[in-house]
1. For segment 22-124, what is the Kirkwood estimate of the hydrodynamic radius, computed as the reciprocal of the mean inverse distance between distinct Cα atoms, to one decimal in Å?
2. What 222 nm value per residue comes from the helices of the chain, counting each DSSP H run with n ≥ 4 as -39,500 (n - 2.57) and dividing by all residues, nearest 500 deg cm²/dmol?
3. On C-alpha positions alone, give me the angle between the axis of helix 87-96 and the longest principal axis of the chain, in degrees, nearest 10.
4. Taking only the alpha-carbon atoms of segment 1-82, what semi-axes of the equivalent ellipsoid follow from 5 times the gyration tensor eigenvalues under a square root, in whole Å, largest first?
5. Would you mind working out the accessible area per residue for the chain, using a 1.4 Å probe, and quoting it in Å²?
6. Take the solvent-accessible surface of the protein heavy atoms, probe 1.4 Å, and return the percent of it on the chain that carbon and sulfur atoms account for.
Amino acid sequence: MGIGKLKKKIAKVSAEEKLRSLMRQYGRGLLGLLVLVMIVHDVFGTHGFLAMRRTQNEIKKVKADLDALSKENAVLEQEVKDLNSDPRLIEKIARDDLGLARPGEIIIRIPAGQQLEQNPAVKH
């Protein structure tokens, strides 16, 4: 074996020992730091725990809004059916909202300030 090869072998062994020494000295700390970074990323990252919770809360809110809109839609559908089939309801809307009257009827409007308050408990 030549002196050059021996120096290379010694340098190689020396470098491996330095690496082992560094790993013994800083390995646990680096591993702990890596685990800590991964935990922080899993909790606070863009797809982490907190983001998932926000998304779940948004889904719950959207579902609640959808349920409310579905109920409102059902009420409106029933109102449309009633308007198409109930002539008394149509007449009531025509009288109350549009101020229409049957032939021969006279409509007398009392200003809101002059109307008497009616107590629902007292019947005349």
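The values are calculated or read from the model by the stated rules, or taken from the named source; none is laboratory data. Computed from a predicted model, the values in this text were never measured in an experiment. Keep in mind that these areas ignore ligands, DNA and RNA; they rest on the heavy atoms of the full protein, side chains included. Shrake-Rupley method; radii C 1.70, N 1.55, O 1.52, S 1.80 Å.
1. Details: mean 1/r = 0.0464 Å⁻¹.
Hydrodynamic radius (Kirkwood, Cα only) of segment 22-124 equals 21.6 Å.
2. Numbers: 3 runs with 89 residues, N = 124.
Calculated mean residue ellipticity at 222 nm is -26000 deg cm²/dmol.
3. 90
4. Numbers: eigenvalues 978, 36, 4 Å².
Listed largest to smallest, the semi-axes of segment 1-82 are 70, 13, 5 Å.
5. On the way: 12260 Å² over 124 residues.
Result: 99 Å² of accessible area for each residue.
6. On the chain, the fraction of accessible area on carbon and sulfur atoms equals 62 percent.
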